[in-house]
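Notes for the one structure printed next.
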Amino acid sequence: MAGGVGLENMAGKAFLGLATVLVAATVAFSGCGGGSEPTSFTPEVEDNFVSSCVDSATEGASPATESDAERICGCMYDELKQRMSFEEFKAADDSLREGEQMSAELSATLQAAASACA
C-alpha cells in the first residue's frame, strides 16, 4: 500500500512540475539537430521530455526514485501525445516560456494526464 501512496505523490509532483518540464523539454530539444526545432513528436522530443521530467522529479525536498520517475514521466509523455497535437504542445511551451498563465484547458489536460499515470 505504501508504494501506491508514493506513486500518487509522484503523479502530484509530476503535475506540479509539468509546466517547468514542458519549458525545459522544449529548451532541451530546440538546441538539438543543428538548431532547427522539431515539428512533430519524435524519439528525440520524447527522450528530451522524459529526461527533463526525470531530472525535475528526482530533485527537491521529496524526490522520487529514478525508476518511478522514468515510469511516470514516460506515461505523462504518452498521455500528452495522445491528448494534444504537437502544435498545441509547442504553443503551450511558448506561452509558458513567455510567462503567460496556464490556460484552464491546458491545466485540465495536464491533470488528466497525471491522473492517468498515477
Subset of the stretch 97-115 (residues that are assigned to a helix (DSSP H, G or I) and over 16 Å from Val50 (Cα atoms)): Arg97, Ala104, Glu105, Leu106, Ser107, Ala108, Thr109, Gln111, Ala112, Ser115
Among residues of the stretch 76-89, those that are assigned to a helix (DSSP H, G or I) and in contact with a helix residue (DSSP H, G or I) (Cβ under 7 Å, 6 or more places away or on another chain), counted: 6
Any chance Met10 is outside any helix (DSSP H, G or I), surrounded by 14 or more Cβ atoms within 10 Å (Cβ to Cβ) and at pLDDT below 85: no
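Report yes if Ala113 is among the aliphatic types (A, V, I, L, M) and over 21 Å from Pro38 (Cβ atoms), otherwise no.
no
State all residues of the stretch 37-52 that are within 18 Å of Glu88 (Cβ to Cβ) and part of a helix (DSSP H, G or I); if no residue qualifies, say none.
Selection gives Val45, Glu46, Asn48, Phe49.
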Selection count, the stretch 58-79, where residues are free of Cβ contacts under 8 Å to residues at least 40 places away in the same chain and in contact with an Asp or Glu (Cβ under 9 Å, 6 or more places away or on another chain): 4
Boolean, Asp94 is buried (at least 19 other Cβ atoms within 10 Å of the Cβ) and part of a helix (DSSP H, G or I): no
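The values are calculated or read from the model by the stated rules, or taken from the named source; none is laboratory data. Since this is a predicted model, take the numbers as computed values, not measurements. In this analysis, Cβ positions are derived from the backbone assuming ideal geometry, glycine residues included, and neighbour counts consider all displayed protein chains.
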